[in-house]
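The values are calculated or read from the model by the stated rules, or taken from the named source; none is laboratory data. Note that this is a predicted model, so its numbers are computed, not measured. Positions of Cβ are backbone-derived with ideal geometry, glycine not excepted, and every protein chain shown enters the neighbour counts. Areas reflect the complete protein model, heavy atoms only, side chains present, ligands, DNA and RNA absent. Shrake-Rupley method; radii C 1.70, N 1.55, O 1.52, S 1.80 Å.
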Amino acid sequence: EIIESFFNNLKIFFKFKKGKIEIKDFEKKIFIVFGSSIILIISYFLLPALIDKKIIINKLESQILEKYNLEVKLNDSLRYGLLPKPHFSTKNSILKFKEKDFADSDLVKIYVSMNNFFSLKKLRIKSLVFKKTKFNIDSNNLDFFGQILNFNKSEDSLVFKNSKLFYNDRNEDIIFLINISQLNFL
């Protein structure tokens, strides 16, 4: 009885004619509306991938400087990812402090807001993640972490994961090394 009722319900949605399944007009309309809405949603989230990368890099660098007081030189190989959240990622980026290169990051992920992808002016950074960053700290740039912590008053996070900190003396000799599994400025 269960199997028979299943096939009876299935006949409501489909008409069977000579071994071919023909979808009714109502189901065609539902399929078209559903399919077109999925295509529109996906194209909305993929809009940043179509914009010139140099413009996006300049916009992201200026927003990072303004929001986190962190000068970053992003690599030209900027990539856009949709999952798990919309983000831009780049490899081999350089962090600057007091106009000197003091850190190299293997991977930077810049998570952006899902609102207003149609306007590049309204593109907003939600969080910033640096992975495998090598800090070369000396007495001249020792106050970097304090300034970042005091400047970041937003709800958005700045995270350094799987990083290493090398502290150098005046002769550029390494005095000590610290492994940083996760450093979260929130």
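Structure above, values below:
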{"item": "Accessible area (Å², per residue) of the stretch 39-186, counting only protein heavy atoms and a probe of 1.4 Å", "result": "60 Å²"}
{"item": "For the stretch 49-178, convex hull volume per residue from C-alpha positions, Å³", "result": "108 Å³"}
{"item": "Along principal axes, Cα extents of the stretch 55-109, largest first, whole Å", "result": "35, 22, 19"}
{"item": "Approximate spin-label separation Q182-F6, in nm, with each point projected 7 Å along Cα-to-Cβ", "result": "4.4 nm"}
{"item": "Fraction in percent of alpha-carbon pairs per bin - 10 Å, the stretch 129-181", "result": "22, 49, 26, 4"}
{"item": "Estimated distance in nm for a label pair at K91 and R124, the labels positioned 7 Å out from Cα along Cα-to-Cβ", "result": "3.3 nm"}
{"item": "Highest average packing first - 178-184, 126-132, Cβ atoms within 10 Å", "result": "126-132, 178-184"}
